[in-house]
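Asker: Pasting in a structure now, in structure tokens, and then I'll have a few things to ask.
The values are calculated or read from the model by the stated rules, or taken from the named source; none is laboratory data. Keep in mind that what you see is a predicted model, and the values were worked out from it rather than measured.
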Amino acid sequence: MGLQYKNSQMKKNQMKKRRNLLLKNWDLIKAFGIQLIVQTFIMYIYIASFQQQYVAFSSDSSMEHKTGSRE
């Protein structure tokens, strides 16, 4: 009877360790996911601002070409 109790306690301890490890891994996965979303958003803003600058520059240069002078 004592051996069965000891085995069941060992199994419970192993399950607790596995659960704690999974929870730690889940926290890391969530943190990584949040970081990925934030980085994607920052990159989107960066690309959008770069594209806006490019469009403004190209429209300025096309106006210069049409008018022949810079205003």
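Asker: Being basic (Lys, Arg) and at pLDDT 90 or above is the filter here; which residues of the range 18-54 pass it?
Answerer: 30
Asker: Quick check on my filter: what residues within the range 22-51 are within 10 Å of the chain's Cα centre (by Cα) and of a type in the set (Ser, Thr, Tyr)?
Answerer: Across the range 22-51, the qualifying residue is only 40.
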